[in-house]
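Peer 1: Take this structure, written in structure tokens, and hold onto it; I'll ask about it next.
The values are calculated or read from the model by the stated rules, or taken from the named source; none is laboratory data. This structure is a prediction, so every number in the text was calculated from the model and none was measured. FYI the Cβ positions are ideal-geometry reconstructions off the backbone, even for glycines, and counts take in every protein chain you see. We work out accessible area using only protein heavy atoms, side chains counted, and drop any ligands, DNA or RNA first. Shrake-Rupley method; radii C 1.70, N 1.55, O 1.52, S 1.80 Å.
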Amino acid sequence: STTYTLKGGWNSIYLHGDATHATPDELFAAYPEVLEVWRWNPNPNQVGFTTSPLIPSAGTAEWSTWLRDGSSNSLGQLDGQSAYLVKCSGTTSNSYSVSLPQRVLPPSAAWVRNGANLLGFPSYKNGSTYPTMGSYFATFPAAIAANVKIYKYTGGDLGAGNPLQVFSPTTEKLDRNQAYWFESAVVGNFYAPIEVTPSDSAGLDFGRTGSIMTVRLRNRSAATATVTVSTVASDAAPSSQTAITGSVPLTLRASDGTETPFSGAITQVVGPQSVVTMSFGINRGAMSADVDAFYASLLRFQDNGNLMDVIIPARASVASLAGLWVGEAEVSNVASKVASSPDSTTPRSFPLRFIIHVDESGTARLLSQVFMGALVGEGNLEGLCTREVGLKQDAKAGAHRMSVGHLPLDAVISAGSGGVALGETLVREITIGYTDPTNPFVHSYHPDHDNKDARPDGTVIPLSNGDESYTITRTCSFEFTSSPPDGTSPLGWGSTVIGGNYSEALGGLHKESIHVSGTFTLRRVSENGVLIIN
């Protein structure tokens, strides 16, 4: 929330954030002293001024208006990074405090050569004072050149004393909450001595699946600057907006790809006329709330010259893990059954591919194969099915098939416990029958491994389990961890990449169960939570 100090008569304010969550009627319902609000709409053909700024007139396209008496309502909402004139009741002897909650926006400014600019700037408030225009615009001197007229509003009626021309910009304090008229013959996008530019125009918006965002710091000055970057908790969201569950668990990403948790404050040195790019990640494992829970917080950038105070938003939502996941387990430990061989570590890991589908209800199925493409049925929508017969026949060329060689054919396995979620363990029971063609004891062309007893008289007697082959059981456990295993990139972890520790108990190969273990990583192939089981 930003509190504006207003006087009776005409004032100018600048909204660095967006207040479109409510109408002007709602925003100013508790402030009856606010009678009118006018928004300046800059455009390439705006009217210039010589001795005074453009006088507000509801008939010009440069202004949108809101009047408390309802006679004009062309201003339906208060957009961010915009300048407004506010008329209050009373005279300059009356002082009012008006607080407006705003959704934080990254800074921006657009200077036009022809006409007037009504702009505000994210200056730093040091106690009760602000930096001078001279120091703030030192790297953009055209804004305060000798031939430039600058005006500010001081309250009272419009006239010779309001707006008031600033004759000494080198000593004039630059109030971040005010908007100023500049008649400067310059084109540019200057808003601060150090530009803070996120890779997304909305800020650090990780959404449901984002994993890395960057912020570029550009030092416009000829001196080295030190920027303090700190995390700030968000205010509670207005009742009409999505509730905020907590702050975004940000991480700092180093050039080697490692990430460390980021909270509190750090400093970043930016050389003269240089650019530094900071990379921020997100620890989705720390977002333990339900699906679609909204996390939001702020990043504040302040320079050591006490000139600027820039705030950008960070936001993320908890994504559903429904969809298709494909990846590998790296088996690196096998428990030996030889008493003299206690070490279970293998010389090198062995890969086991896995395909897991999670439906919208959270049920996870282990699959031996899956098809992606246009499906049979009305509309031939793109989807997922377990057998080729589910695909539209004349669209198979554009379909994809993924398979796992170490599972029974056409297997769809949901028997077991647990689910797919960070911090949970999914257990799935795989049974390979003693006659299954994928059973390693079975060989169709070897008489000792075909489960048949061929008699001299030509009769063939089927054999039972344990005669020539054995039923094999596999209990596969997937422990999903909130952080990636050592040696695994954290990029996308918890949204597009999940994994953790893998273990398996095999029965039927030895008189005792054989235990193997390692790590596993799955990548999201599709967010489609619907699987057609053919």
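Peer 1: Which residue pairs have Cβ atoms closer than 6 Å, lie 6 or more positions apart in sequence or on different chains, and pair a first residue in segment 192-205 that is within 15 Å of Gly17 (Cα to Cα) with a second residue that is in a loop (DSSP other than H, G, I, E, B) and open to solvent by less than 30 Å² (accessible area, probe 1.4 Å)?
Peer 2: Gly203/Pro106
Peer 1: Hey, does segment 525-533 have a residue that's exposed (fewer than 15 other Cβ atoms within 10 Å of the Cβ), over 48 Å from the mean Cα position of the chain (by Cα), over 23 Å from Ser332 (Cα atoms) and not aromatic (Phe, Trp, Tyr)?
Peer 2: no
Peer 1: Here is a further query. Could you identify the single residue in Asp157, Asp175, Asp205 that is open to solvent by 60 Å² or more (accessible area, probe 1.4 Å) and of a type in the set (Asp, Glu)?
Peer 2: Within the list Asp157, Asp175, Asp205, the selection yields Asp157.
Peer 1: Has segment 80-100 got any residue that is at pLDDT 95 or above, buried (at least 20 other Cβ atoms within 10 Å of the Cβ) and farther than 13 Å from Asn177 by Cα?
Peer 2: Yes, the conditions are met somewhere in segment 80-100.
Peer 1: Still on this structure: Can you work out which of the residues in segment 108-124 that are surrounded by fewer than 21 Cβ atoms within 10 Å (Cβ to Cβ) and at pLDDT below 95 is nearest to Ala314 (Cα to Cα)?
Peer 2: Ser108
Peer 1: On to the next question. Just checking, which of Ser234, Ser221, Ser240 is within 30 Å of Ser320 (Cβ to Cβ), polar (S, T, N, Q) and surrounded by 14 or more Cβ atoms within 10 Å (Cβ to Cβ)?
Peer 2: Ser234
Peer 1: List the number of the failed condition for Phe190; all other conditions in (1) within 30 Å of Met133 (Cβ to Cβ); (2) open to solvent by 50 Å² or more (accessible area, probe 1.4 Å); (3) not in a strand (DSSP E or B) hold.
Peer 2: Only one criterion is unmet by Phe190, namely (2).
Peer 1: Restricting to segment 389-422, name every residue that is assigned to a helix (DSSP H, G or I) and either open to solvent by 30 Å² or more (accessible area, probe 1.4 Å) or farther than 25 Å from Thr438 by Cβ (or both).
Peer 2: Those that are assigned to a helix (DSSP H, G or I) and either open to solvent by 30 Å² or more (accessible area, probe 1.4 Å) or farther than 25 Å from Thr438 by Cβ (or both): Val389, Gln393, Asp394, Ala395, Lys396, Ala397, Gly398.
Peer 1: Taking strands (runs of 3 or more DSSP E) that do not extend beyond segment 275-334, which have at least 2 residues that are within 14 Å of the chain's Cα centre (by Cα) and not basic (Lys, Arg)? I'd like the intermediate steps shown before the answer.
Peer 2: Numbers: elements: 275-282, 294-303, 309-317, 323-334.
Hits in segment 275-334: 275-282, 294-303, 309-317.
Peer 1: Do we have any residue at all in segment 455-469 that's crowded, with 16+ Cβ neighbours inside 10 Å, closer than 19 Å to Ile356 by Cα and polar (S, T, N, Q)?
Peer 2: no
Peer 1: Among the residues of segment 215-252 satisfying the criterion of being touching a Pro at 6+ places or on another chain (Cβ under 7 Å) and assigned to a strand (DSSP E or B), which is nearest to Trp493 (Cα to Cα)?
Peer 2: Here the answer is Thr251.
Peer 1: If you don't mind, there's one more thing I want to ask. Select from segment 178-187 the residues that are open to solvent by 20 Å² or more (accessible area, probe 1.4 Å) and in a strand (DSSP E or B) and list them in ascending order.
Peer 2: Of everything in segment 178-187, just one residue is open to solvent by 20 Å² or more (accessible area, probe 1.4 Å) and in a strand (DSSP E or B), namely Glu183.
Peer 1: Find the residue count for segment 458-481, including only residues that are within 17 Å of Pro408 (Cα to Cα) and touching a Phe, Trp or Tyr at 6+ places or on another chain (Cβ under 7 Å).
Peer 2: Total meeting the criteria: 3.
Peer 1: Quick one: in segment 318-362, which of the residues that are out of contact with any strand residue (DSSP E or B) (no Cβ under 9 Å at 6 or more places or on another chain) and touching a residue at least 24 places away in the same chain (Cβ under 8 Å) is most open to solvent (accessible area, probe 1.4 Å)?
Peer 2: Only one residue tops the list, namely Glu360.
Peer 1: From (1) of a type outside the set (A, V, I, L, M); (2) open to solvent by 70 Å² or more (accessible area, probe 1.4 Å); (3) under 22 Å from Leu324 (Cβ atoms); (4) in a loop (DSSP other than H, G, I, E, B), pick out the condition that doesn't hold for Ser495.
Peer 2: It fails just one condition, (2).
Peer 1: Let me ask another. Condition test on Tyr136, is it in contact with a Phe, Trp or Tyr (Cβ under 6 Å, 6 or more places away or on another chain) and of a type outside the set (Gly, Ala, Ser)?
Peer 2: No; evaluated as a whole, the condition is false for this residue.
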